[in-house]
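The values are calculated or read from the model by the stated rules, or taken from the named source; none is laboratory data. All values reported here derive from a predicted model rather than from experimental measurement. Neighbour counts run over all protein chains shown; Cβ positions are idealised from the backbone, glycine included. Please note that ligands, DNA and RNA were not included when accessible areas were found on the heavy atoms of the full protein model with its side chains. Shrake-Rupley method; radii C 1.70, N 1.55, O 1.52, S 1.80 Å.
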Amino acid sequence: MPNLVVDTTVLPPADRFEFWYALVAQETGPAHISSAQLDNFVAYAQAIDLGSIRMTSLRYPSLDSARPAKLARRVEENVYQLALPLTGSSSLIQDRTENTLQPDNHFTLLDTARPHVARHRADGPGLAHTITVQIPHPSLPVAPDRIRRLLATPLPSHVGVGGLLVHHLRSIAAHPEQYQPAQAEVLGSVALDLLAAAFAQYLDIEDTLSPEARHTTLRARVVDFIDRHLDSDELSPRGVAAVHHISLRSLHRLFEGESTTVAELIRAKRLEQCRRDLANPLVRQPIHAIAARWGFRDKAHFSRLFRARYGRSPQAYRTTVAHQGR
């Protein structure tokens, strides 16, 4: 999937901060930014378009950013900004709400057209790492007065629907090349539905969600459950349906329009775990033990499935990867 990558280190040190400032102004609007690293501002950005929303992965030194009312009025479009710190910490102030976000525990939302202050601190001499998502107001299907109650409020990013949203965003940011350009709109729609569901869960207004958002959220819960129980002998479509209190028929309907059934998804994910273990030189278990760990008790059946998916036998794959690593 096409994405824009920015690296300030390709510029002379004296030009780096000015370039970064222009990038921030373009992405989120003008702001007053200060940092102890202005003379040699080492920073990186990767921007990914996801249909109506835009995600950016940012690495930067400690800095302070302020958008007073005068600059907020110069913002051309009403946009929310989701902020998800992955390392370092962020203190945010908007609408008289001030909070600190802990990395891998919180995300929040700012309104870029309203005054706010942000203080980002890296861990020691390293760079802070944050994922942001720019969301036009009309794209988020939650009433603005309800969203305003959550501005600059820490929302859990490691549990519940918020955890599903963050997993989705981090997967895209980590490997955007694994997605086709045609998938961008779908990925963005999933992110919006999960964000709306996370807000609805936090505000206890889940009954207001659209059928599409409910569908997306339930499907994300199902996939997350499958990911966390791949090594369980109990994992099956019928068991997944029972855990989520839906019929087997309803579970299958969740995946209508997808290129895979629930059973095929489970099998593909288990095969991928086997492939990773076979490629890992630290995993020295016999092939049949690896296969059994991930739910394949029949060695011959596993070998046929593995060859069909990866084009070679498990032993040939393990040998080839081992030689490549020397």
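Looking at the structure I just gave you, is PHE296 surrounded by 12 or more Cβ atoms within 10 Å (Cβ to Cβ), assigned to a helix (DSSP H, G or I) and touching a residue at least 24 places away in the same chain (Cβ under 8 Å)?
No, not satisfied.
Please state which one of ASP233, ASP227, ASP207 is exposed (fewer than 14 other Cβ atoms within 10 Å of the Cβ), in contact (Cβ under 8 Å) with a residue 40 or more places away in the chain and part of a helix (DSSP H, G or I).
Testing whether each residue is exposed (fewer than 14 other Cβ atoms within 10 Å of the Cβ), in contact (Cβ under 8 Å) with a residue 40 or more places away in the chain and part of a helix (DSSP H, G or I) leaves just ASP227.
Here's the yes/no breakdown for (1) part of a strand (DSSP E or B); (2) touching a residue at least 40 places away in the same chain (Cβ under 8 Å):
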{"residue": "VAL5", "(1), (2)": "yes, yes"}
{"residue": "ARG16", "(1), (2)": "no, no"}
{"residue": "TRP20", "(1), (2)": "no, yes"}
{"residue": "GLU27", "(1), (2)": "no, yes"}
{"residue": "PRO30", "(1), (2)": "no, yes"}
{"residue": "ASP39", "(1), (2)": "no, no"}
{"residue": "ASP49", "(1), (2)": "yes, yes"}
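Tell me, please, whether a residue that is in a strand (DSSP E or B), surrounded by fewer than 16 Cβ atoms within 10 Å (Cβ to Cβ), touching an Asp or Glu at 6+ places or on another chain (Cβ under 7 Å) and touching a residue at least 40 places away in the same chain (Cβ under 8 Å) can be found in segment 82-100.
yes
For segment 216-238, name all the residues that are among the small types (Gly, Ala, Ser) and either touching a Lys or Arg at 6+ places or on another chain (Cβ under 8 Å) or under 27 Å from LEU192 (Cα atoms) (or both).
ALA220
Determine whether ARG114 is touching a strand residue (DSSP E or B) at 6+ places or on another chain (Cβ under 8 Å) and either in a loop (DSSP other than H, G, I, E, B) or free of Cβ contacts under 8 Å to residues at least 12 places away in the same chain (or both).
yes
For segment 256-274, name all the residues that are open to solvent by less than 60 Å² (accessible area, probe 1.4 Å) and either closer than 22 Å to ALA289 by Cα or at pLDDT 90 or above (or both).
Residues satisfying the conditions are VAL262, ALA263, LEU265, ILE266, ALA268, LYS269, ARG270, LEU271, GLU272, GLN273, CYS274.
Is there a residue being touching a Pro at 6+ places or on another chain (Cβ under 7 Å) and among the hydrophobic types (A, V, I, L, M, F, W, C) anywhere in segment 241-250?
yes
Report yes if GLY162 is within 15 Å of the chain's Cα centre (by Cα), farther than 24 Å from THR261 by Cα and surrounded by 15 or more Cβ atoms within 10 Å (Cβ to Cβ), otherwise no.
So GLY162 passes the test.
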